[in-house]
Each structure stands twice: as structure tokens, then as C-alpha cells.
Amino acid sequence: MRIYLVGGAVRDRLLGLTPGDRDYVVVGETQASMEAAGFRAIGLDFPVFLHPETQDEHALARTERKSGRGYRGFVVDADPSVTLEQDLGRRDFTINAIAEAPDGTLIDPYGGVRDIEARVLRHVGDAFSEDPLRVLRAARFMARFAPLGFTVADATMALMRGMVAAGELEALTPERVWQELSRALASKQPSAFLRTLHDCGALAVVLPEVDALYGVPQRAEYHPEVDTGVHQELVSDMAARLAPGDALIGFAALTHDLGKALTPKDTLPRHIGHEHAGLKPLEGLCARLKVPAAHRELAIVACREHLNVHRIAELRDDTLHDLIARCDGFRKPERIAQLALVCECDKRGRLGSAEDAYPQGDTLRRTHAAALAVNARDIAAAGITGPAVGEALRKARIAAIAQSRTG
């Protein structure tokens, strides 16, 4: 068998990164010959097999021909006559179109090594435009590789703009958009995902609520970056820094300011009530992309409460208790620490504020812990029964909050 290591494992090694999954291409074989050699077929859309010992994925070399709209409209040909170069030619980016032979020799017909050295994300060929998902993949790769100095090739960006203008992205399913978004939010530089999509016009298609933030001014004394879209990029990158790999925090940070896009022009650059105005577009975004419940719930809490947390020193003890209760912080205690972290991302996601302290987060966590330590069983042991238990518990928790703020 002629077997070659391909894709991300080759790319990441050349970039000096720890390779992830090892994927292989097999040239000149058939499904029957693979199964006869002990490989187990698992592919539904095209022939993929698991190695009998390593369980690594091995796919037959194949070509693809466009047969309809969207990213599913392809006819796959895995005939034994398909060459390695033909298989590499159907891939998205040159940096992913490099193969490695068992002896370590690189097969690089499309200049992927050169583009790795130049830190350029470049499409392999015109077939790139046949798959709209590749626009999101380009942005997601930028979220991962921009910290290494990567940029998108001008020709590739032009091709992506053409795909957006042709309406190709409308064929993407909510599940695939969410999959790419969540992976980008768990990457090192989510701002590169947002900026790439914004620059080619795709952000207005897949995340119009976020795209609408660009160009919206804020008060310069609080936001030296002024542009709300730029602020959002900074907040998303701060989330990646403070909660690396955590798309839950990343999504709440991404959507906390959606209401600013709805501020009436005659009140700009002030954004009175933007935290409540943002709830409706946030709900719409979550419904459209079928966002998981945990992400949706934290995002709503962060959107609604982030200004309250910023001014926590001004809140009365009972008001702070009710904020915690409103966030379901007694039933789901982890949510308060998550909220504090998202609010810190917002506060430090501003020009010149990246290294600022955020004492409000410490205050929220400390007062929450104090209130959480009050036990309903202790209230019942004091002989209080019925509806009075709830009120007594609230008063005891408020007292605990007060003590933690002065102690």
C-alpha cells in the first residue's frame, strides 16, 4: 500500500506545533482491498477506514466534483487511479495540502511549505469557491494561526468576497456555523475570526448581530478604541487569554454588547440601556444557530448584568443578593464565577486596559461565597417553618454579604 501522512499533522509539525490527529491517504487501493488488509470501514460520505492496530484514519485518495449548492453538493470519486496530487488538489489551503511519505519525504505540489514559511493562508485552487464552509474555516484557521503571524492571501480574500456576494454562505446549516464559531472562540485569537469574516462580508451573513457593532461609536473616556466592533475584538481576545480554550466564556464575551448596535443615533456615543436592548438580538442569535443551553444562559446573564457587576461597589447588600439570585447563583454556583470572568474580559478588553486589575470580580466571588455558606437547614433548625423560611434565608444571606464586604 502507498500510504501518506496528510493534513494537520504535517502542517503542525512544520509549524513547530504539537500535531493532533494523524490522518492518512491511501493511493491505489479499493474498499475491498482495504478490508482484506484488516482495515475497518467507517466512512459514510467517502471511503474512510480505521487501521487495525493504531486506529488512525486512512482515507482512499479521492476527487470531488460539484453537483449542487452548499457544502454537501459534491460527487466523490475514490477510484484507485486517483493520484496523490489529485487528492491534495481538492483540499482547502496549501498548508493543508502537504503529504509526507513513510521515509519523511514531503510531497508538496501546491507550495504549502513555502506558504508556511511566509505565514500565508492561501487557497489551493478555484474549487475552493465550491464549498462555502471554507470561508468559515479560513476565519477559524486565522483565529488559531494569526498569533504566528499568518495573514490571508489577497487572492483568497477576493475569492471569499465573491462567494459571499454570490449568496453561497446562505446554504450553511446552523450546526456547521456554530461548530466553526465555537472552535474559533476556543482558539488563541478569536478577533482574527471576526475580522476575517467582517473583511470579506461573511460576518454580516452568519453573525449579523455582531457585524452590526462595527462602526458604532462609544464614549472615548471609557473606550479609547471608540469603535464597538474593535472593542468586541479586544473582549474576545481577552476571553481567550483569561479562559483559554473555553468557548462558553468566549460566547458570553462575544455577545455581551449586542444592544449597542441598536442605540438610537441621536444618543450616540452614549448607550443607555444597551444591556437590556441586547437581550432580544441575543435570543435571536441563539435560536438561529441552535446554541447549546449552557452557552445561551450564561450569555443572557452576562448581557443583562455586566454593568451591574462593573458598579458592584455602589450596589446595596440586598441588591447584590438579588443579582446573584437572578443569575441562579444559588442553584448553579459556578455561574457567578463565570459571570465575574466575562465581566473582567469586558473591562480589560479596551485599549490600554489589558493589564488593569478588576476588583469587582473578587467582590462578586467573595460575597457570593459568603451568601452560599448560609444553609437553609440552619434556618429550619431555628424553628422557622413555611414561607417564612425563604424570607429568613434571604435576610441571612444579605447579612452574610454585608459582613463579607466589611470584614
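Can you tell me how region 1-158 classifies by the Cα gyration tensor, rounded, prolate or oblate, using a/c under 1.5 as the rounded cut? Oblate, since a/c reaches 1.5 and b/c is not below a/b.
A Förster radius of 56 Å combined with the Cβ-Cβ distance from residue 56 to residue 266 puts the calculated FRET efficiency at roughly 0.35.
Here the dipole of region 287-407 is about 340 debye; that uses its Cα centre as origin and unit charges on the Cβ of Lys and Arg (positive) and Asp and Glu (negative).
Rolling a 1.4 Å probe over the heavy atoms of the protein chains gives region 266-399 an accessible area of 49 Å² per residue. For the peptides 130-142, 9-21, 305-317, the ranking by mean Cβ contacts within 10 Å, running from highest to lowest, is 130-142, 305-317, 9-21.
Relative to its Kirkwood radius, the Cα radius of gyration of region 229-347 gives an Rg/Rh of 0.96. Toward the positive end of the charge dipole of the chain, with +1 on the Cβ of Lys and Arg and -1 on the Cβ of Asp and Glu, the farthest Cα among 239, 6, 303 is that of 303. The radius of gyration of the Cα set in the chain, together with its Dmax, comes out at 25.8, 84 angstrom. Solvent exposure of region 1-152, expressed per residue, is 46 Å² of accessible area, with all protein chains present and a 1.4 angstrom probe. Helix 334-348 and the longest principal axis of the Cα set of the chain meet at an angle near 80°. Can you tell which of 287, 160, 33 lies farthest toward the positive end of the dipole of the chain, using +1 and -1 charges on the Cβ of basic and acidic side chains (Lys, Arg; Asp, Glu)? The one lying farthest along the dipole's positive direction is 287. Could you work out what % of the accessible surface of the chain is carbon and sulfur, using a 1.4 angstrom probe and leaving DNA, RNA and ligands out of the count? The value for the chain is 52 percent carbon and sulfur by accessible area. Angle of helix 388-406 to the longest C-alpha principal axis of the chain, folded into 0 to 90 degrees and rounded to 10: 80°. Diffusion coefficient of region 286-334 by Stokes-Einstein, Kirkwood radius over Cα pairs, 37 °C, 0.692 mPa s: 276 µm²/s. Return one number: the angle in degrees, 0 to 90 and rounded to the nearest 10, between the long axis of the Cα atoms of helix 154-165 and the longest principal axis of the Cα atoms of the chain. Approximately 70 degrees, to the nearest 10.
For the chain, modelled as a GNM with alpha-carbon contacts under 10 angstrom, which of 126, 266, 318 fluctuates the most? For the chain, modelled as a Gaussian network with Cα springs under 10 Å, the answer is 266. Each peptide in 190-203, 108-121 receives the mean, over its residues, of other Cβ atoms within 10 Å, and ordering these scores from highest gives 190-203, 108-121. With a ≥ b ≥ c the root eigenvalues of the C-alpha gyration tensor of region 160-304, is it rounded (a/c under 1.5), prolate (a/b larger than b/c) or oblate? Judged from the Cα gyration tensor, region 160-304 comes out rounded (a/c under 1.5).
When +1 charges are put on Lys and Arg Cβ atoms and -1 charges on Asp and Glu Cβ atoms, the dipole computed for region 1-57 relative to its Cα centre reaches about 200 debye. For region 320-407, the fraction of C-alpha pairs more than 15 angstrom apart is 62%. Between 183, 348, 331, the GNM of the chain built on Cα springs shorter than 10 angstrom shows 331 fluctuating the most.
Measure up 280/347; 188/290; 260/332; 265/347; 260/395 against 27 Å on the Cα-Cα distance and list the ones that go over. Listed pairs above 27 Å: 260/332; 260/395.
The values are calculated or read from the model by the stated rules, or taken from the named source; none is laboratory data. What you see is a predicted model; the values in this text were computed from it and never measured. Cβ sites come from the backbone with ideal geometry, for glycine too, and all protein chains shown count toward neighbours. The accessibility values were calculated without ligands, DNA or RNA, using every heavy atom of the protein model including side chains. Shrake-Rupley method; radii C 1.70, N 1.55, O 1.52, S 1.80 Å.
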